[in-house]
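Colleague: This is the structure I have questions about; it appears just below.
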Amino acid sequence: MLSSTRRLLPSASSLTSNNCSIASRATSLMFSRGMTILSKESAAEFKKENYNARMAKTRRPVSPHVTIYSFPICALASITTRVTGCALSFGAAGLGALEIIGGNGAALSLMSDIGNSGLVLSSGAKFAVAFPIVYHYLGGLRHLVWDNAPEMLTNMDVEKTSYGLIGASVLVSGAALVV
């Protein structure tokens, strides 16, 4: 497109009073793209307007919010792997800090207190610890398999293994409740 607009513009040596109108028409063709140029005044007005009001003027729909977007299972599995990794890091740091601040045996004492506090609280605590460990471990094994067998890295296989990863993690973590 740029090369065709260059051909419309005459060279500087050929500009005379007769063909100045041709050059101005060619220049206007070159710069007649539909682009928005904001001056300081229009930028200030633009900032004052509400986003919904601006979209109503253009008669375009407002972009959908993340709350109505349906994430694919692969994205949810990836996000969960990252969240469980962060949870494991913070949990380990928290236990380490508790042991440093509380002295020798403080973390063991806390875990014993949680274990003796009742079936509901102790079961929930066991699941809250077991699920991130199991999920992150199984997710790491899944990636190890994909690294060694890239032919298994198709959209359908990734979706199937995502469901399998979530299901296996819930089952193994649920089995940890009875241990």
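Colleague: Name the single residue that is modelled with the highest pLDDT among those in segment 43-73 being within 30 Å of residue 155 (Cα to Cα) and open to solvent by less than 90 Å² (accessible area, probe 1.4 Å). Give the derivation first.
Modeller: Just the residues of segment 43-73 that are within 30 Å of residue 155 (Cα to Cα), to begin with: 63-73.
Going one step further and asking which of them are open to solvent by less than 90 Å² (accessible area, probe 1.4 Å), we end up with 63, 66, 71-73.
Working: 63: 67, 66: 63, 71: 85, 72: 91, 73: 94.
Restricting to residues being within 30 Å of residue 155 (Cα to Cα) and open to solvent by less than 90 Å² (accessible area, probe 1.4 Å), the top hit is 73.
Colleague: Right, something else. Could we say that residue 167 is exposed (fewer than 12 other Cβ atoms within 10 Å of the Cβ) and at pLDDT 95 or above here?
Modeller: Numbers: exposed (fewer than 12 other Cβ atoms within 10 Å of the Cβ): yes; at pLDDT 95 or above: yes.
In short, yes.
Colleague: Among all residue pairs at least 6 apart or on different chains, which show Cβ distances below 9 Å where the first residue, located in segment 139-160, is within 17 Å of residue 77 (Cα to Cα) and the second is open to solvent by 90 Å² or more (accessible area, probe 1.4 Å) and of a type in the set (D, E, K, R)?
Modeller: Within 9 Å, the pairs are 157/151.
Colleague: Something else: Which condition does residue 112 not pass, out of (1) under 29 Å from residue 167 (Cβ atoms); (2) modelled with pLDDT under 95; (3) assigned to a helix (DSSP H, G or I), if it passes all the others?
Modeller: The number of the failed condition is (1).
Colleague: For segment 131-143, give me each residue that is surrounded by 17 or more Cβ atoms within 10 Å (Cβ to Cβ) and among the hydrophobic types (A, V, I, L, M, F, W, C).
Modeller: Step one: list which residues in segment 131-143 are surrounded by 17 or more Cβ atoms within 10 Å (Cβ to Cβ), which gives 131-136, 138-139, 142.
131, 133, 134, 138, listed by residue number.
Colleague: Looking only at segment 88-130, how many residues end up being under 25 Å from the mean Cα position of the chain (by Cα) and open to solvent by less than 50 Å² (accessible area, probe 1.4 Å)?
Modeller: 1
The values are calculated or read from the model by the stated rules, or taken from the named source; none is laboratory data. Just so you know, these numbers come straight off a predicted model, no measurement behind them. Every residue, glycine as well, gets a Cβ built from its backbone with ideal geometry; the counts of neighbours run over all protein chains shown. Side chains are part of the model used for accessible areas, which takes the heavy atoms of the whole protein and leaves out ligands, DNA and RNA. Shrake-Rupley method; radii C 1.70, N 1.55, O 1.52, S 1.80 Å.
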